[in-house]
Protein chains: 2
Amino acid sequence: MSAAARARRLSESAEIVVLEQSPYVSFANCGLPYHLSGEIADRDDLLLHTPVSLRAALNLDVRTGHRAAAIDRAARTVTVATADGAYALPYDALLLAPGAVAVRPPIDGLDHPAVHALRTVPDVDALRDRVDQALARATGTCPPRAVVVGAGFIGLEAVEALVARGFEVDLVELADHVLPPLDAELAPLLADELLAHGVALHLGVSATSVVDASPAATSVADAFPAATSVVDALPTATSVPSGAAGTDRATSASSASGPADAPAGQVTVTLSDGTALDADLVVVNVGVRPASDLARDAGLDLGARGAIRVDADHRTSDPHIWAVGDAIEVRQAVTGDAGPVPLAGPANRQGRRAAESMLGHRTTPQAAVLGTAIVRVFGLTAAVTGASQATLVRAGIEHEVVHLHPNHHAGYYPGASAVHLVASFAPDGRLLGAQAVGREGVDKRIDVLATALRAGMTADDLAELELAYAPPYGSAKDPVNMLGFVAQNALDGTMPQWQATDLSDAMESTLILDVRSAKERAAAHLPGSLHVPHTELRDRLDEVRTAADGRPISVHCASGVRSYLATRILRGVGLDARNLSGGWQTLQAVHPSLSA
Amino acid sequence: MSAAARARRLSESAEIVVLEQSPYVSFANCGLPYHLSGEIADRDDLLLHTPVSLRAALNLDVRTGHRAAAIDRAARTVTVATADGAYALPYDALLLAPGAVAVRPPIDGLDHPAVHALRTVPDVDALRDRVDQALARATGTCPPRAVVVGAGFIGLEAVEALVARGFEVDLVELADHVLPPLDAELAPLLADELLAHGVALHLGVSATSVVDASPAATSVADAFPAATSVVDALPTATSVPSGAAGTDRATSASSASGPADAPAGQVTVTLSDGTALDADLVVVNVGVRPASDLARDAGLDLGARGAIRVDADHRTSDPHIWAVGDAIEVRQAVTGDAGPVPLAGPANRQGRRAAESMLGHRTTPQAAVLGTAIVRVFGLTAAVTGASQATLVRAGIEHEVVHLHPNHHAGYYPGASAVHLVASFAPDGRLLGAQAVGREGVDKRIDVLATALRAGMTADDLAELELAYAPPYGSAKDPVNMLGFVAQNALDGTMPQWQATDLSDAMESTLILDVRSAKERAAAHLPGSLHVPHTELRDRLDEVRTAADGRPISVHCASGVRSYLATRILRGVGLDARNLSGGWQTLQAVHPSLSA
């Protein structure tokens, strides 16, 4: 719809047809979990436009229930399948915005009617029906139960929504931490928040089967199109002069569920570690893949992971065909890797740009995709932009990581809470990626860092950013400035770092120096570490020197601030000291056994 | 303190002395209004450090009650005045961080004990005492009353605090709108918020006298140092190896109030328009000027408006003396003007950089100051970065202004509220400045725009920013992206604009076309305008063409969105149409008589 709308604004005379196989155009994909939770009470609020409103405002010919079944590139026609038969639609310029389809995980019983996806309006309708049925059956001693498979962005939103509806939720994730795009040392903050809300976590395992727990089982294929039926079930295809699928954060319309069948009561979900979980319903979100079958069948070039290959203006290998959204291959910033990135923001702008190209308007080349994303998990927010540490390691890109836990606004103003920040920098200081988790101010810092990343800013630049400060909003030294300061010190040798992941090496071959207070140390500390509170360090240098006995000194405090001062004192007298990035807070996240 | 702390971290061996004439170092200037309101209940929370804590953590020699009275540059000594006499302190490197002093407005009776400043801890102590006395005297029929002179950032914070304490407040501002740095079309939003909280506004007038309303008047010079005493009362001077005044948002410690004298009861404040206002207390904040007398007396070069001239490393005209903070001349971004900019963020970073320079550490040159600032006014937030329209006009810099009123997060998610955005762009698309007012999400957008401004981004770059989107946080097309889209269209001719300030010209020589709904039009509309709802426009083109009769067509709706569509329709059929930037919302702010 972004492309179709922009096309009309650029050309009053173009004939613009939008083909959509489902009954809905331009619905709020990203709002679905909030309709499930009831926060968005009115289902109509999800439906941003209708064919009638789009005709009135933009003179668009929107045809819902019309599926693009094939493209005849030589004849420049699209074969359109409808309930009443097929017809050929000619085009001068064709835009493909088919989105993605849900990946079908290898779970026996995936087609059980208790198993739901959460990607389309029919999906959420079916899921809400099932939730209502489970609530009607539930009793105080036997609350409704759900299993959510996949702890990605949408999976976490589904968990939050189901807890809000009174469900006890088991969350199953194959990776070893929730929200796999998040770096490992931030994920435990989310895990703690989930546990605090009664969610049971099953990490590092997969679901293997869903079987009916009621005596008379029923089973109807439903939420996930079988692999062989994907081409026929191609969720959204659009033809033009212009036209694009309604696009929101997770952009594609897909995996249309059938009607909710008769309630089959509870199911049992078995996990790969043998755990058996009873549930009234199962929500499965384990990722998507480009819905590129129509393009492939038409002989268009595909790229990495089956995504449609396009140029900077989103033109495919056929000069009369453009493509946008979750189905296309984009270049990822930082790594330069090519692949699909299913995000609403880039998809919207791609639609706009493709329309400009189709209509001969000025275009600006698409920037590489940063992968900026955010999710609310109860009281916490987690957000990412650019490359994660895992991505950098995989790509073999050298980087220095810094961890901070600054307050989201001035500490002396009531209500300050920590923003847990992780960022990676190239040796030359260039920002490569950043992630944050916290209760307040996370979205702001990640948006600033996404902007800095797009601008190619360095640690020096972050240090010098001039952000808005009054006590309710920030600090004179904003967390983003602090990130710059710390990275400057780490990169220019003022403050060499050690990382929580280096712990066993550090314990083996260096002196661990704990500069926290006696009270903090009493709660938990590393065996064999020397304890000298940072304010006593200048008077006890001989003691430290003797204990180090020529070895490097690995300093830590709770967050990395006092140990930075201590590191500078030690280096100032010629000792080889280094500071634990993120302090005990980060150490404990990486080594949960230390919490005990 | 930023400089002193950084100096210690860079050199364990330096002897670092900090001179501070007041009893306090490193206090939270920006927190003072929130201590007045009671939000920061504990006065100790304002005192971030003490000489004892600074000795323990950083081995600093902090001397409070010690005033730098003179500099002997040849001998490299500072004459330090104390209660017990004077002494000479030698230095290798000297840092001046004296801050600013409050401007003394020409008000008869300014020295009355009912008149208060709000820049130091003693100021807020005295003001809280006076507030308590007034509350004790007040009755239900005769509530406590305050007059606040100056509607800048701190003045507005003082108003909010006094209303929170139960005062009826009159706010007096010489400019024709509150928060003079804000552009005229955004200020009415703040004015409405102030009025809604019972604040009486007196705009375009000054206070001329304060006289005792009680029978036996007392008068003791107090909150504002008389012009002739400024040198002696120099608020903060620091000497080095390193040293800097504690610095927070409004950085200088100044205008030390004496003790609160015996309550003199009410005063009468007379305004330049003859209005007489009774009040229990008066708070005056009409700006500051650099406290550069010590530097001037030492023969250091001063620049614009008496600010100390420094190089990129903050070195003054004497190679052994550095200067930072509210007292120095900085280059302002966008205009390139030189002058003092009293803001905490830049001052903190200046201190850090000066210490690096003094200690021979790597420095990065100071970036030009953007003037990013923010204030909370009850439920609203107002924030600015870069050049305002008024500044651009004054500097003769060509620019295109765009006005938007997008939701702070997805409209379909509950609680969406408008961010009123104004931004200026150079003809080549470069962002020059941005301002915003709204209930939520204002700080985030201004911080992103401040980052974009620092990076030299253009409208094309803003359009392509990839910001974090989930329904509780933003939109797939964030307000900052929308700013880019609208500016692109305005600058490349896709959507020529007209401005609310062009109204009389537009009414005289063009057809005004109102494309709002009939219901919206019924509430208020421009006389002589043609009404065609935007969804009817394609069917009523002949009517518009006839009414225009060859004249340009000035289209408007409520916010600028529907009128953009209409502008494109009209231009698509060859008519000379242009869109009202910001729509009726902005028109009404600029022409308040239209609200009637």
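There is at least one residue in the stretch A:359-367 that is within 12 Å of another protein chain (Cβ to nearest Cβ), in contact with a Lys or Arg (Cβ under 9 Å, 6 or more places away or on another chain), over 27 Å from B:GLY474 (Cβ atoms) and not β-branched (Val, Ile, Thr). Of the residues making up the stretch B:393-415, those that are within 11 Å of chain A (Cβ to nearest Cβ) and aliphatic (A, V, I, L, M) number 1. Scoring B:SER517 on the criteria (1) crowded, with 21+ Cβ neighbours inside 10 Å; (2) out of contact with any helix residue (DSSP H, G or I) (no Cβ under 8 Å at 6 or more places or on another chain); (3) within 14 Å of chain A (Cβ to nearest Cβ); (4) of a type in the set (S, T, N, Q) leaves a single failure, condition (1). Limited to the stretch A:325-334, what total is found for residues that are open to solvent by less than 30 Å² (accessible area, probe 1.4 Å) and either within 17 Å of A:GLY299 (Cα to Cα) or not in a loop (DSSP other than H, G, I, E, B) (or both)? Number of matching residues: 6. Among the residues of the stretch A:458-468, the one identified as among the hydrophobic types (A, V, I, L, M, F, W, C) and open to solvent by 10 Å² or more (accessible area, probe 1.4 Å) is A:LEU467. Checked against the criterion of being within 30 Å of B:GLY433 (Cβ to Cβ) and either open to solvent by less than 20 Å² (accessible area, probe 1.4 Å) or touching a His at 6+ places or on another chain (Cβ under 8 Å) (or both), the candidates B:VAL115, B:VAL147, B:VAL121, B:VAL159 yield just one match: B:VAL159.
The single residue among B:ALA382, B:ALA390 that is more than 14 Å from chain A (Cβ to nearest Cβ) and either open to solvent by 30 Å² or more (accessible area, probe 1.4 Å) or within 16 Å of the chain's Cα centre (by Cα) (or both) turns out to be B:ALA390.
If the condition is being hydroxyl-bearing (Ser, Thr, Tyr) and assigned to a strand (DSSP E or B), then the stretch B:374-428 contributes B:THR381, B:THR385, B:SER424.
Residues in the stretch B:60-89 that are outside any strand (DSSP E or B) and either more than 14 Å from chain A (Cβ to nearest Cβ) or open to solvent by 50 Å² or more (accessible area, probe 1.4 Å) (or both): B:GLY65, B:HIS66, B:ARG73, B:ALA74, B:ALA75, B:ARG76, B:ALA83, B:ASP84.
When you look at B:ALA506, is it closer than 20 Å to B:ALA589 by Cα, in contact with a Phe, Trp or Tyr (Cβ under 6 Å, 6 or more places away or on another chain), surrounded by 12 or more Cβ atoms within 10 Å (Cβ to Cβ) and at pLDDT 95 or above, yes or no? Spelling it out, B:ALA506 is indeed closer than 20 Å to B:ALA589 by Cα, in contact with a Phe, Trp or Tyr (Cβ under 6 Å, 6 or more places away or on another chain), surrounded by 12 or more Cβ atoms within 10 Å (Cβ to Cβ) and at pLDDT 95 or above.
Number of residues in the stretch A:531-575 that are outside any helix (DSSP H, G or I) and under 21 Å from B:ASN59 (Cβ atoms) equals 12. In the set (1) in contact with a Phe, Trp or Tyr (Cβ under 8 Å, 6 or more places away or on another chain); (2) within 22 Å of B:ILE446 (Cα to Cα), A:ALA487 fails one condition alone, (2). In this structure, A:GLU160 does not qualify as in contact (Cβ under 8 Å) with a residue 24 or more places away in the chain and in a loop (DSSP other than H, G, I, E, B). For the condition closer than 17 Å to A:ARG8 by Cβ, out of contact with any Pro (no Cβ under 8 Å at 6 or more places or on another chain), surrounded by 17 or more Cβ atoms within 10 Å (Cβ to Cβ) and within 14 Å of chain A (Cβ to nearest Cβ), what is the one hit in B:VAL532, B:VAL573, B:VAL555, B:VAL544? Only one candidate passes the filter, namely B:VAL555.
Against the definition (at pLDDT 95 or above, surrounded by fewer than 19 Cβ atoms within 10 Å (Cβ to Cβ) and in a helix (DSSP H, G or I)), how does A:ASP92 come out, yes or no? In short, no. So A:ALA410 fits all but one of (1) buried (at least 19 other Cβ atoms within 10 Å of the Cβ); (2) modelled with pLDDT of 95 or more; what number is the exception? A:ALA410 satisfies all of (1) buried (at least 19 other Cβ atoms within 10 Å of the Cβ); (2) modelled with pLDDT of 95 or more except (2).
Annotation note: Cβ proximity below 7 Å between a residue of the stretch B:30-59 that is closer than 30 Å to A:LEU570 by Cα and a residue that is in a helix (DSSP H, G or I) and of a type in the set (A, V, I, L, M) (sequence gap 6+ or interchain) occurs for B:ALA57/A:LEU565; B:LEU58/B:ALA5. So which residues in the stretch B:482-519 are among the β-branched types (Val, Ile, Thr) and assigned to a strand (DSSP E or B)? Passing the criteria: only B:ILE512. When A:THR372, A:THR275 are checked against the criterion of being open to solvent by 30 Å² or more (accessible area, probe 1.4 Å) and either away from chain B (no Cβ under 13 Å) or under 26 Å from A:VAL178 (Cα atoms) (or both), A:THR275 stands alone in meeting it.
Checking the condition under 14 Å from B:VAL25 (Cβ atoms) and in contact with a Ser or Thr (Cβ under 9 Å, 6 or more places away or on another chain), which residue from B:LEU54, B:LEU58, B:LEU94 passes? Going through B:LEU54, B:LEU58, B:LEU94 in turn, just one is under 14 Å from B:VAL25 (Cβ atoms) and in contact with a Ser or Thr (Cβ under 9 Å, 6 or more places away or on another chain): B:LEU54. Going through (1) away from chain A (no Cβ under 13 Å); (2) open to solvent by 10 Å² or more (accessible area, probe 1.4 Å); (3) within 23 Å of the chain's Cα centre (by Cα) one by one, B:LEU421 falls short only on (2). For the stretch B:454-490, a residue qualifies if it is more than 7 Å from chain A (Cβ to nearest Cβ) and in contact with an Asp or Glu (Cβ under 6 Å, 6 or more places away or on another chain), and exactly one does: B:ALA490.
Contact list please: Cβ distance under 7 Å, first residue in the stretch A:538-557 and among the polar types (S, T, N, Q), second residue not in a helix (DSSP H, G or I), pairs at least six apart or on different chains. From residues that are among the polar types (S, T, N, Q), the pairs are A:SER554/A:TRP498; A:SER554/A:THR510; A:SER554/A:LEU511; A:SER554/A:ILE512; A:SER554/A:LEU513; A:SER554/A:ARG578; A:SER554/A:LEU580. Quick check, is A:ASP42 charged (D, E, K, R), on the phi < 0 side of the Ramachandran plot and within 14 Å of chain B (Cβ to nearest Cβ)? The answer is yes for A:ASP42. Sub-7 Å Cβ pairs linking a first residue in the stretch B:354-378 that is under 15 Å from B:GLY325 (Cα atoms) to a second residue that is open to solvent by less than 30 Å² (accessible area, probe 1.4 Å) and aromatic (Phe, Trp, Tyr), at least 6 apart or interchain, are B:ALA354/B:TRP322, ordered by first then second residue.
Being in contact with a His (Cβ under 6 Å, 6 or more places away or on another chain) and in a helix (DSSP H, G or I) is a description that does not apply to A:ALA347.
Take B:ALA522 and tell me if it is more than 24 Å from A:LEU54 (Cα to Cα) and either of a type in the set (Gly, Ala, Ser) or not in a helix (DSSP H, G or I) (or both). Criteria met by B:ALA522. Annotation: of all residues in the stretch A:46-59 being touching a helix residue (DSSP H, G or I) at 6+ places or on another chain (Cβ under 7 Å) and part of a helix (DSSP H, G or I), the one that is most open to solvent (accessible area, probe 1.4 Å) is A:ALA56.
The values are calculated or read from the model by the stated rules, or taken from the named source; none is laboratory data. The model shown is predicted, which means the values in this text are computed figures rather than measured ones. Glycine gets a Cβ as well: all are built from the backbone with ideal geometry, and neighbour counts include every protein chain shown. Ligands, DNA and RNA are stripped out before the accessible areas are found, and what is left, the full protein with its side chains, is counted by its heavy atoms. Shrake-Rupley method; radii C 1.70, N 1.55, O 1.52, S 1.80 Å.
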